[in-house]
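Okay, so here's the structure we're looking at.
No lab work stands behind these numbers, since they all come straight from the coordinates. What you see is a predicted model, and the numbers here were worked out from it, not measured in a lab. Neighbour counts are summed over all protein chains in view; Cβ atoms, including those assigned to glycine, are modelled from backbone coordinates with ideal geometry.
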Amino acid sequence: MHSSFGRMFFYFIGGGSVSKIQLVNITKIFKTKENDVHAVRKASLHIEEKDIFGVIGFSGAGKSTLIRCINLLERPTEGEVVIDGKNLMDLSARDLRAERKKIGMIFQHFNLMRSRTVAQNIAFPLKGSGLSKEQINKKVDELLELVELKDKKKAYPSQLSGGQKQRVAIARALANDPSILLCDEATSALDPQTTQSILALLKNLNEKLKITIVIITHEMAVVKAICNKVAIMEDGNIVEEGNIIDIFTKPKSEVTRTFINTTTSIHQIYELIEKNDPLVDLDVDETMLRLVYSSSNTKEALMTYLVKTYDVSFNIIFGNVEVLANSPLGNLVVKLKGEKANIESAITYIKGQGVGVEVLK
């Protein structure tokens with residue numbers, strides 16, 4: 001396939017939807033004296049306009065390198081970076097600088113200039129923009145209002161809390177009216193309450209400005225709170241990708257399941273099983289299941305139907321419901337009691353309803 005045709009193909013994939021960001025077979029190799037380090041291995045991502053897209057992985061998974069490839073802070077060894085249909089890899093240095101202005105970025109440690117006021121930090125990207133001093137001042141005021149820091153205009157970074165510093169960094173990243181905002185571990189240095197306020201701000205900016213947001217994190221709670229789609233990285237590879245509901249209800253990889261279990265008390269069931277706790281003891285005619293379901297597959301009283309149709313009874317051991325991407329997501333651990341063949345038929349039926357099923361014991 002000719003490269004330009006390939007870019008056009010990738011640009012329009014996804015049922016006619018237009019990609020905002022398309023990473024195609026991105027590989028990044030760092031060369032050292034001892035050996036070559038493969039930070040990213042043939043990673044491809046399709047991120048649509050207005051997505052809040054999470055990329056999650058443990059330390060060393062390659063996620064920060066991958067996000068830096070989006071604006072070519074790290075130039076990929078191989079692959080294509082296509083933004084709004086343009087392959088950044090093909091651009092001249094001048095054209096690349098122009099495209100980068102459309103991509104804002106915030107970092108874990110804020111990267112503010114300590115000797116400059118909040119207003120001066122926010123105004124810094126506007127140097128050489130051609131705007132007058134009055135226009136820049138007006139822009140700074142608008143951005144300060146947007147991030148709810150109007151009263152901190154003349155303050156210095158040393159006078160701000162961590163959350164306030166990140167709000168300044170966000171305002172600075174928005175100075176050139178970008179259509180993409182990259183967030184590299186942007187909440188990792190913040191306490192849980194401040195993290196929630198920053199995530200709420202990002203979600204508000206996504207809705208108000210229609211800006212596409214890419215979030216790099218090692219915390220599934222961050223993905224859970226804000227993202228509509230997620231990719232999971234391990235050892236430089238993207239091992240799984242999809243919308244947040246599908247990933248949480250039908251995880252395919254072990255690393256994905258590990259991340260999901262960090263955000264729910266469901267992991268305690270596995271610990272009880274490991275310890276042979278009496279709570280999870282089974283009679284000879286019982287099977288313990290974990291069911292994961294969303295609003296799309298809970299339109300009927302599932303357990304009641306199983307009792308009536310397959311001559312089984314059930315006992316609920318654990319249950320919780322939370323909201324992901326404006327959709328309810330439930331976890332249920334039950335003991336099913338009945339003849340083996342009936343239980344197997346019930347499990348087959350449950351799977352047929354699109355409910356995630358894991359036989360625990």
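Please compute the length gained on full extension between S158 and D95, using 0.36 nm multiplied by the number of residues separating them and subtracting their Cα-Cα distance.
Numbers: separation 63, 0.36 × 63 = 22.68 nm, distance 3.60 nm.
That works out to 19.1 nm of additional length.
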* K139: which aspartates and glutamates have alpha carbons under 17 Å from its alpha carbon, excluding same-chain residues fewer than 8 sequence positions away? -> E148, D151, D177
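When the dipole is taken about the Cα centre of the chain, and only Lys, Arg (+1) and Asp, Glu (-1) are charged at their Cβ, what size is it in debye, to the nearest 20?
It comes to approximately 1880 debye.
Per the helix-only calculation at 222 nm, which mean residue ellipticity applies to the chain, given -39500 (n - 2.57) for every DSSP H run of n ≥ 4 and division by its residues, nearest 500 deg cm²/dmol?
Working: 13 runs with 126 residues, N = 361.
That calculation yields -10000 deg cm²/dmol at 222 nm.
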* At q = 0.14 Å⁻¹, work out log10 I(q)/I(0) for region 267-359 with the Debye formula, treating every Cα as an identical point scatterer and leaving solvent out; two decimals please. => -0.51
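Please tell me the relative contact order of region 267-359 in percent, rounded to the nearest whole number, where contacts are Cα pairs under 8 Å and at least six residues apart.
Details: 133 pairs, mean separation 34.2, N = 93.
Reported relative contact order: 37 percent.
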* All aspartates and glutamates inside 15 Å of K28 as judged from Cα atoms, apart from same-chain residues fewer than 8 positions distant -> D36, E74, E78, E80, E234, D235
* **R114-E254 FRET efficiency (beta carbon distance; Förster radius 41 Å; 0.05 resolution)** => 0.40
* To do: With 10 Å bins from zero, work out the P(r) of the chain over every alpha carbon pair and list the percent per bin.
  => 5, 21, 26, 22, 15, 8, 3, 0
* **Farthest toward positive dipole pole in region 152-193 [+1 Lys/Arg, -1 Asp/Glu at C-beta], among A173, A189, A155** => A155
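Nearest 5 is fine: what % of DSSP beta bridges in the chain come out antiparallel, could you say?
On the way: 46 of 65 bridges.
For the chain, the DSSP antiparallel bridge percentage is about 70.
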* Can you list the residues, at least 5 places off or on another chain, whose amide H is less than 5 Å from the amide H of K101, using H built in the peptide plane? -> none
* Structure fact -> Once the in-chain neighbours fewer than 8 apart are removed, the lysines whose Cα is under 26 Å from K33 read K42, K63
* Selected from N206, N342, N261 as most flexible by GNM, with the chain as the system and alpha-carbon contacts under 10 Å -> N342
* Which longest run of the chain has no exposed loop site in it, a site being chymotrypsin sites (Phe, Trp or Tyr not before Pro) in a DSSP loop with at most 16 other beta carbons within 10 Å, and the site itself not part of the run? -> 59-361
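From Cα pairs below 8 angstrom and at least 6 apart in sequence, can you work out the relative contact order of the chain, rounded to a whole percent? Intermediate values should be presented prior to the final figure.
Working: 632 pairs, mean separation 59.6, N = 361.
The normalised contact order for the chain reaches 17 percent.
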